[in-house]
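Below is one structure; the comments refer to it alone.
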Amino acid sequence: MKIRFGVGLGADSGPEHLAEVVDQLESAGVDSLWFSELVYSHLVDPFVGMAFTLARTTRLKVGTSVAVLPGRHPVLVAKQLASLWAVAPKRVLPVFGLRSALPVERDLFVVPDGKRAAVFDESLKLLRIALREDHVDFSGDYFTARGIQVLPKPTPPLDLWIGGATPAAFRRIGTLGDGWLGSFLTPAEAGQARLSIIAAAQTAGREIEPDHYGINLAVGDGDLPAPVLAAIRKRRPDLDPAALVAADWQTLHRRLDDYIEAGLTKFVIRPAGDVKLTDFLERFVTELLPRQH
């Protein structure tokens, strides 16, 4: 199976360096660049960032890590993805999630109270229809669309990956997704998540390709700063932060071996803490490109 490593931009990576980053990744032969959806940050909007990157490159892939789908109309999202695919076939890697990672941003993605999971499921169904079928009507509990025709159609069909780290998320991925990009899980937890997704897919009469399982990881440049440790503890108070974020590249390599042993093959690596972006990218190329196959 293909082992691939992509770069995830840190929360402090603003637009002023994006062109430089894109050019460096393209020239170095890095597989992919991933844009997080953090509205109240310096980060570029994922769809804007993907369009900018694809227009500037000929080989680099782009992905969302992750974009919120509930609160957006799926047909309009399908049009955005189909347009990006038309510009750069086979270089668009959408990953969608249930809600923003930041509670303060969740009000921006409006759904009926208590219905976010149901809206997500229906959104994924409609998004897949819009990307694959023509001249069809859709009438669900939350969306209605007539004569759906999103052109040009991505060929082959665009894979839709889903984030998440709960049993409900794993069932959703197995039933409605084409791949999984997790985060804040140990190798053992990620391996169990993969098995849960496979079981859910089998129950739904589906099969997810064996190399469509990945995870977001962060790596530091020595000791992890206190703000990074605090953020990890807030997300996973049950674990030592060192189990989730590698303090240095040597630790990351050992951790990657464990994730690969657990069946994961796709990795989005981002800097942890106040690391100079150019230094991180140079080290990424040196450390990880030789591991791709």
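The values are calculated or read from the model by the stated rules, or taken from the named source; none is laboratory data. This one's a predicted model, so the numbers in the text were calculated from it and none came from an experiment. Positions of Cβ are generated from backbone atoms using ideal geometry, with glycine treated the same way; all protein chains shown enter the neighbour counts. Ligands, DNA and RNA are stripped out before the accessible areas are found, and what is left, the full protein with its side chains, is counted by its heavy atoms. Shrake-Rupley method; radii C 1.70, N 1.55, O 1.52, S 1.80 Å.
Search region 219-255 for residues being within 24 Å of Ser196 (Cα to Cα) and not charged (D, E, K, R), and hand back the single one that is surrounded by the fewest Cβ atoms within 10 Å (Cβ to Cβ). Ranking the qualifying residues of region 219-255, first place goes to Pro237. Scanning region 22-50 for residues that are buried (at least 19 other Cβ atoms within 10 Å of the Cβ), of a type in the set (A, V, I, L, M) and part of a helix (DSSP H, G or I) yields a count of 3. Which of the residues belonging to region 256-282 are among the basic types (Lys, Arg) and buried (at least 18 other Cβ atoms within 10 Å of the Cβ)? Scanning region 256-282 gives Lys266, Arg270. The condition of being of a type in the set (Lys, Arg), open to solvent by 10 Å² or more (accessible area, probe 1.4 Å) and within 23 Å of Arg291 (Cβ to Cβ) holds for only one of Lys79, Lys61, that being Lys61.
One residue alone among Ala168, Ala201, Ala188, Ala193 is of a type in the set (Gly, Ala, Ser), in a helix (DSSP H, G or I) and surrounded by 21 or more Cβ atoms within 10 Å (Cβ to Cβ), and that residue is Ala193. So is Thr286 modelled with pLDDT under 95, within 18 Å of Val21 (Cα to Cα) and surrounded by fewer than 20 Cβ atoms within 10 Å (Cβ to Cβ) or not? Spelling it out, it is not the case that Thr286 is modelled with pLDDT under 95, within 18 Å of Val21 (Cα to Cα) and surrounded by fewer than 20 Cβ atoms within 10 Å (Cβ to Cβ). Taken as a whole, region 253-276 holds at least one residue that is more than 22 Å from the chain's Cα centre (by Cα) and within 26 Å of Lys2 (Cβ to Cβ). Screening Thr53 on (1) under 22 Å from Val77 (Cα atoms); (2) part of a loop (DSSP other than H, G, I, E, B); (3) among the hydroxyl-bearing types (Ser, Thr, Tyr) shows it passes everything except condition (2). Across region 208-231, the number of residues qualifying as over 20 Å from the mean Cα position of the chain (by Cα) and assigned to a loop (DSSP other than H, G, I, E, B) comes to 6. Here region 82-105 is the region considered, the condition is being buried (at least 16 other Cβ atoms within 10 Å of the Cβ) and among the basic types (Lys, Arg), and the residue that is nearest to Asp121 (Cα to Cα) is Arg99. Remark: pairs (first residue in region 202-222, within 13 Å of Ile3 (Cβ to Cβ); second residue hydroxyl-bearing (Ser, Thr, Tyr); Cβ separation under 7 Å; 6+ apart in sequence or on different chains) = Asp211/Thr265; Tyr213/Thr265; Gly214/Thr265; Ile215/Ser183; Ile215/Tyr259. When you check Pro74 against the structure, is it open to solvent by less than 10 Å² (accessible area, probe 1.4 Å) and more than 25 Å from Thr278 (Cα to Cα), yes or no? Yes, satisfied.
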